[in-house]
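Enquirer: Encoded as C-alpha cells, here's the structure I'll be asking about.
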Amino acid sequence: MARPRRILDREVVFFGGKGGVGKTTLAATMALEAAREGHRTLLVSTDPAHSTSDVLETRLGGEAREVRPRLWALEIDPAEEADRYIDDVKARIADSTPPRLMAEVERQIDIARVTPGAEESALFDRFTRIAEEAGQAYDRLIFDTAPLGHTLRLLALPELMGAWISGLISRRREVNVPGRMWRNVAGAAAGSEDAGEDPVLGALTERQARFQRARALITDPHRSGFVFVVTPEHLPVAETERSVKMLDKYGIPVAAIFLNQVVPEDADGTLLGARRDRQARHIRRVREAFAAHPVHEVPLLDGRLRGLQGLERLGRMLPASERGV
C-alpha cells in the first residue's frame with residue numbers, strides 16, 4: 001500500500017489561518033523539519049506582522065538569510081513590495097511614453113497603487129519570481145502567509161487576472177498594428193523592427209507567462225499544497241470551512257489541516273477540563289468537515305515557543321507520518 005503523501009513531499013507549501021492560531025510557529029517548525037530531512041529550504045513570510053523574526057529570534061529582511069544549515073528565511077513587507085512594484089512599472093514605461101503624457105500616466109499609476117488588490121498583485125508578482133529563481137537554489141519553499149482573506153485573494157490572482165492580462169495584450173497589439181503597417185510600407189526609412197519594439201507589450205507578455213507558470217504550480221497537488229492551521233474554536237473553524245471551499249473553487253489543493261492548541265486528555269485543573277470539553281465538539285466538526293484531508297492535532301503547550309530549540313521541541317510532537325520517520 002502506498003504511503004500517504006506528506007506535506008513536505010511537495011516543493012511549495014503555503015501555511016495560512018486566522019490570526020493567533022499559530023500558523024507562523026507551525027510554518028517555521030515544518031521548515032526546520034524540511035531542513036533536518038536534508039532539503040535546502042526557504043521560509044518566506046508575507047505576514048506584515050513580521051512574526052517569523054520573533055519566532056526564530058532572528059532579524060529578517062527582504063533578502064534570504066541562513067538561520068540554520070540548509071534553512072534560509074526572509075520577510076516580505078507587502079507595502080514596500082507594492083511601492084517597489086509601482087516604481088518598476090513607471091521605469092518600464094518611461095521610455096515608451098511621450099514626455100507630455102508622462103505626468104498623467106504616473107498619476108494614474110499612483111492611483112492604482114492605493115486601489116484594493118494592489119498589494120496582493122505586487123506580492124504575487126514577487127512570489128512568481130521567488131518560485132522561479134528558487135528552483136535552482138532550494139528544494140522546498142514554505143510560505144507563512146498573511147491573514148486568510150488577504151492570502152486567498154493572492155492565490156486567486158492567476159485565475160482572476162489571466163483573462164484581464166490577455167485582454168490588455170490584445171488591445172496593445174491592436175494599437176501597434178498601424179506602426180507595423182507603416183514599417184512594411186516605408187521599409188528601411190521607417191526604422192528597424194527592433195526600434196519599434198513595445199516595452200509595455202513585452203512586460204505584459206512576460207507577466208502573463210509567469211502567471212501561467214505560477215498557476216500550473218499552485219494547482220498541482222504533487223508539487224504544492226495549502227496547510228490550514230486552526231484552533232478548535234467556532235470562528236477559526238468556520239473561517240477555515242469557507243476558505244477550503246474557495247481554494248476548491250480555484251483548484252488549489254489542500255495538503256493538511258493542523259488542529260492546534262488542543263488541550264491534552266491528561267491536563268489537570270477545572271478550567272482546562274472545561275476548555276477540553278468545549279474543544280471536543282469543534283474537533284469533531286473539523287474531522288467531519290475535512291474528512292478528505294489529513295487532520296493533525298498539536299497539543300497545547302506550556303508557554304510560548306520561540307527560537308530554534310522551541311521549534312525543535314514542537315517538531316518532535318508532530319505526527320510521525322509528517323516527519324518522515
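The values are calculated or read from the model by the stated rules, or taken from the named source; none is laboratory data. These figures come from a predicted structure and were not determined experimentally. When we count neighbours, we look across all protein chains shown, and the Cβ atoms used for this are built from the backbone with ideal geometry, even at glycine. Calculation scope for accessible area: heavy atoms of the full protein, side chains included, ligands and nucleic acids excluded. Shrake-Rupley method; radii C 1.70, N 1.55, O 1.52, S 1.80 Å.
Enquirer: Of all residues in the stretch 1-57 being open to solvent by 10 Å² or more (accessible area, probe 1.4 Å) and of a type in the set (Gly, Ala, Ser), which is modelled with the lowest pLDDT?
Expert: Among those that are open to solvent by 10 Å² or more (accessible area, probe 1.4 Å) and of a type in the set (Gly, Ala, Ser), it is Ala2.
Enquirer: Right, something else. Within the stretch 58-80, can you find the residues that are open to solvent by 20 Å² or more (accessible area, probe 1.4 Å) and in contact (Cβ under 8 Å) with a residue 40 or more places away in the chain?
Expert: Going residue by residue through the stretch 58-80, those that are open to solvent by 20 Å² or more (accessible area, probe 1.4 Å) are 58-70, 72, 77, 79-80.
The answer is Val67, Arg68, Trp72, Ala79.
Enquirer: Something else about it: When you check Ile7 against the structure, is it among the β-branched types (Val, Ile, Thr) and closer than 20 Å to Arg126 by Cα, yes or no?
Expert: Working: among the β-branched types (Val, Ile, Thr): yes; closer than 20 Å to Arg126 by Cα: no.
It is false that Ile7 is among the β-branched types (Val, Ile, Thr) and closer than 20 Å to Arg126 by Cα.
Enquirer: Would you mind listing the strands (runs of 3 or more DSSP E) fully within the stretch 223-325 where at least 3 residues are open to solvent by less than 20 Å² (accessible area, probe 1.4 Å) and within 24 Å of Leu71 (Cα to Cα)? So that I can check it myself, show each step before the final result.
Expert: Values: elements: 224-230, 254-262, 295-299.
In the stretch 223-325, 224-230, 254-262 are the strands (runs of 3 or more DSSP E) which contain 3 or more residues that are open to solvent by less than 20 Å² (accessible area, probe 1.4 Å) and within 24 Å of Leu71 (Cα to Cα).
Enquirer: Let me ask you something else. May I ask you to verify whether Leu141 is modelled with pLDDT of 90 or more and either farther than 24 Å from Leu311 by Cα or under 16 Å from the mean Cα position of the chain (by Cα) (or both)?
Expert: yes
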